[in-house]
1. Note down the net charge around Lys79, summing +1 for each Lys or Arg and -1 for each Asp or Glu among other residues with Cβ under 15 Å from its Cβ.
2. Give me the number: length gained by fully extending Asn167 to Glu103, i.e. 0.36 nm times residue separation minus the C-alpha to C-alpha distance, one decimal in nm.
3. Apply 1/(1 + (r/R0)^6) to the Cβ-Cβ distance of Leu118 and Glu205, taking R0 = 25 Å, and write down the FRET efficiency to the nearest 0.05.
4. Label region 25-126 by shape, choosing from rounded, prolate and oblate, from the square roots a ≥ b ≥ c of the eigenvalues of the Cα gyration tensor; if a/c is under 1.5 it is rounded, and otherwise prolate applies when a/b is larger than b/c, oblate when it is not.
5. Could you rank the peptides 140-146, 130-136 by their average count of other C-beta atoms within 10 Å per residue, with the highest value first?
6. Please report, in debye to the nearest 20, how large the charge dipole of region 84-219 is about its Cα centre when each Lys and Arg carries +1 at its beta carbon and each Asp and Glu carries -1 there.
7. Taking 0.36 nm per residue of sequence separation and subtracting the Cα-Cα distance, how much length would be gained by fully extending the chain between Tyr25 and Glu176, in nm to one decimal?
8. Per residue, what accessible area does region 100-144 have, given a 1.4 Å probe and all protein chains present, in Å²?
Amino acid sequence: MKNIIFIAPPAAGKGTQSAILEKKYHLPHISTGNILREESQKDTELGRYIAEVLSNGDLVKDDITYTLLKSRLSEDDCKNGYILDGFPRNIEQAYKYDEILKELNQELGYVIKLDIPLETLEKRITGRRICPDCKTVYNLNSETEKPTQESICDKCGGRLYQRNDDNITSFKNRYELYIEKTKPLLDYYDKKGILYVIDGNDSVEEVSKKIDSVLKKGM
Ligand code: AMP
């Protein structure tokens with residue numbers, strides 16, 4: 001299976017769709033946000049630096065992100081393909097990613113962009129709740145995606161939490177960064193003929209079907 005990169009604004013559903021693909025195709029879901037969040041929990045200078053950047057909604061320094069990402073992509077479970085979510089986020093990271101791929105003897109694969117209107121994203125950001133144990137993502141602002149009890153995971157009973165960058169101020173910063181930085185990135189992948197744009201303003205199931213049809217085309 002080829003690698004898959006998701007490019008989309010915050011709360012567009014990259015994580016949810018990646019989890020579906022992970023199960024269906026047995027590919028690991030590599031999220032630079034998750035890798036950095038994990039690192040930010042550590043009581044080290046690096047951990048504290050990352051925690052501060054994350055809570056402001058800014059980007060972590062490139063050399064730190066590259067080192068963590070390359071180390072994760074070098075693990076055995078990535079050899080037969082993976083789903084990359086949150087990287088690259090700008091054209092410099094795309095060039096660096098080309099180098100990492102060369103070193104790891106991997107190919108780009110598919111680049112899938114999810115398009116979603118700003119109002120939908122704002123609703124998703126403020127309503128997003130995550131289970132720390134099984135990682136299921138819920139949305140309190142959606143009838144079909146909210147948990148039965150407001151703070152309890154339906155699947156495993158875990159206590160749901162809200163990411164501390166899931167607030168409107170941090171979101172606005174993250175969204176503006178996304179709009180400014182992804183345009184050249186999309187042009188870069190479009191020229192290579194590997195960019196697929198999907199309307200993500202739909203139910204989880206419908207978006208998943210659209211992604212599947214893209215993957216089938218390229219198989
Ligand atoms: P995400 O989970 O993808 O929304 O990412 C959460 C946060 O992690 C971002 O707002 C950034 O602070 C940081 N982050 C994730 N991916 C990257 C990246 N490729 N480069 C720099 N910072 C990143």
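The values are calculated or read from the model by the stated rules, or taken from the named source; none is laboratory data. Predicted model only: the values in this text are computed from it and were never measured. Here Cβ is always computed from backbone atoms with ideal geometry, including for glycine, and neighbour counts include all displayed protein chains. Only protein heavy atoms, including side chains, enter the accessible area calculation; ligands, DNA and RNA are left aside. Shrake-Rupley method; radii C 1.70, N 1.55, O 1.52, S 1.80 Å.
1. Net charge around Lys79: -2.
2. Going from the current span to full extension adds 19.2 nm.
3. With a Förster radius of 25 Å, E is 0.60.
4. oblate
5. The packing order, highest mean first, is 130-136, 140-146.
6. Here region 84-219 has a charge dipole of around 140 debye.
7. 51.1 nm
8. Counting only protein heavy atoms, the per-residue value for region 100-144 is 53 Å².
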